[in-house]
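Working notes, beginning with the structure itself.
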Amino acid sequence: QVQLVESGGGVVQPGRSLRLSCAASGFTFSSYGMHWVRQAPGKGLEWVAVVSYDKNNKYYADSVKGRFTISRDNSKNTLYLQMNNLRTEDTAVYYCAKDKYSDSGVGLFDYWGQGTLVTVSS
Amino acid sequence: DIQMTQSPSSLSASVGDRVTITCRASQSISSYLNWCQQRPGKAPKLLIFAASSLQSGVPSRFSGSGSGTDFTLTISSLQPEDFATYYCQQTYSTPPTFGQGTTVEIK
């Protein structure tokens, strides 16, 4: 069965960096667009970034553009999110999510990971 | 970006009730509208995609309708496990955007 397992969250000071990982299994990882979606405490869902199945296309929310970088290693079935220059408003649970259709990156999420909490605080 | 607005923000209902949640897009999104459910402390779960298609494994008491700018999620007979927050989401254009959520609470 499909599994997405995030890791790398923690407490970090403003301005510092953090790298999140998402280990995928149970499907052909290299065929699907993959996303990061976040949820601030007590708030709604916010899409963060997407990387296409072949790594050729990446898109970001305006709120993270220039600070976050999404990447993937199809040989390791792993998705990453490099977060630089973190701000207090980046505090959230970060979920990785899989696109429902192969070769797609539209953001129709049929599977989500359990999430990893990132807290940005001095 | 396309804005998604849900109503109500919260509602109280009893087991067995019929529940309806609405979602409005700031521009036409055809049928590129999805619904997901999030139980407390859990990841979201896809319920409905393409406005009215039921995701595999989702009970048939959930249904969706609408097109253009106005959409509806209906739970025909509320069950105890349905008390959760529901989000609509558009995938008509990037970035995909979510409504603010509707929390269904026990009356």
Which condition breaks for B:Ala43 when tested against (1) open to solvent by less than 10 Å² (accessible area, probe 1.4 Å); (2) free of Cβ contacts under 8 Å to residues at least 40 places away in the same chain; (3) outside any strand (DSSP E or B); (4) of a type in the set (A, V, I, L, M, F, W, C)? (1)
State which residue pairs qualify: first residue more than 10 Å from chain A (Cβ to nearest Cβ) and inside region B:83-107, second residue open to solvent by 10 Å² or more (accessible area, probe 1.4 Å) and assigned to a loop (DSSP other than H, G, I, E, B) in any location, beta carbons under 6 Å apart, and separation of 6 or more residues or different chains. B:Ala84/B:Arg39; B:Val104/B:Phe83; B:Ile106/B:Phe83; B:Lys107/B:Ser14
With (1) in contact (Cβ under 8 Å) with a residue 40 or more places away in the chain; (2) exposed (fewer than 14 other Cβ atoms within 10 Å of the Cβ); (3) within 14 Å of the chain's Cα centre (by Cα) as the list, and A:Glu89 as the residue in question, which single condition is left unmet? (3)
Scanning region A:42-97 for residues that are more than 13 Å from chain B (Cβ to nearest Cβ), out of contact with any Lys or Arg (no Cβ under 8 Å at 6 or more places or on another chain) and among the small types (Gly, Ala, Ser), the one farthest from A:Val2 (Cα to Cα) turns out to be A:Gly66
Please list, ordered by first then second residue, the pairs with beta carbon atoms under 8 Å, 6 or more apart or interchain, first in region A:47-59 and without any contact (Cβ under 8 Å) to a residue 40 or more places away in the chain, second part of a strand (DSSP E or B) and among the aromatic types (Phe, Trp, Tyr). A:Ala49/A:Trp36; A:Ala49/A:Tyr59; A:Ala49/A:Tyr60; A:Ala49/A:Phe68
Subset of region B:46-61, residues hydrophobic (A, V, I, L, M, F, W, C), farther than 18 Å from B:Met4 by Cβ and open to solvent by 30 Å² or more (accessible area, probe 1.4 Å), comes to B:Leu54
For region A:98-113, which residues satisfy the criterion of being within 14 Å of chain B (Cβ to nearest Cβ) and on the phi > 0 side of the Ramachandran plot? A:Gly107
Output the residues belonging to region B:46-74 that are part of a strand (DSSP E or B), aliphatic (A, V, I, L, M) and either in contact with a helix residue (DSSP H, G or I) (Cβ under 6 Å, 6 or more places away or on another chain) or within 12 Å of chain A (Cβ to nearest Cβ) (or both). B:Leu46, B:Leu47, B:Ile48
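For (1) in contact with a helix residue (DSSP H, G or I) (Cβ under 8 Å, 6 or more places away or on another chain); (2) open to solvent by less than 40 Å² (accessible area, probe 1.4 Å); (3) more than 29 Å from B:Ser56 (Cα to Cα), each residue gets a yes or a no:
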site	(1), (2), (3)
A:Ala23	no, no, no
A:Pro41	no, no, yes
A:Asn57	no, no, no
A:Gly66	no, no, yes
A:Lys98	no, yes, no
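The values are calculated or read from the model by the stated rules, or taken from the named source; none is laboratory data. Since the structure is predicted, the reported quantities are computational estimates derived from the model, not experimental observations. Counting neighbours? That spans all protein chains shown, and the Cβs are built from the backbone with ideal geometry, glycine included. Side chains included, ligands, DNA and RNA excluded: accessible areas come from the protein's heavy atoms. Shrake-Rupley method; radii C 1.70, N 1.55, O 1.52, S 1.80 Å.
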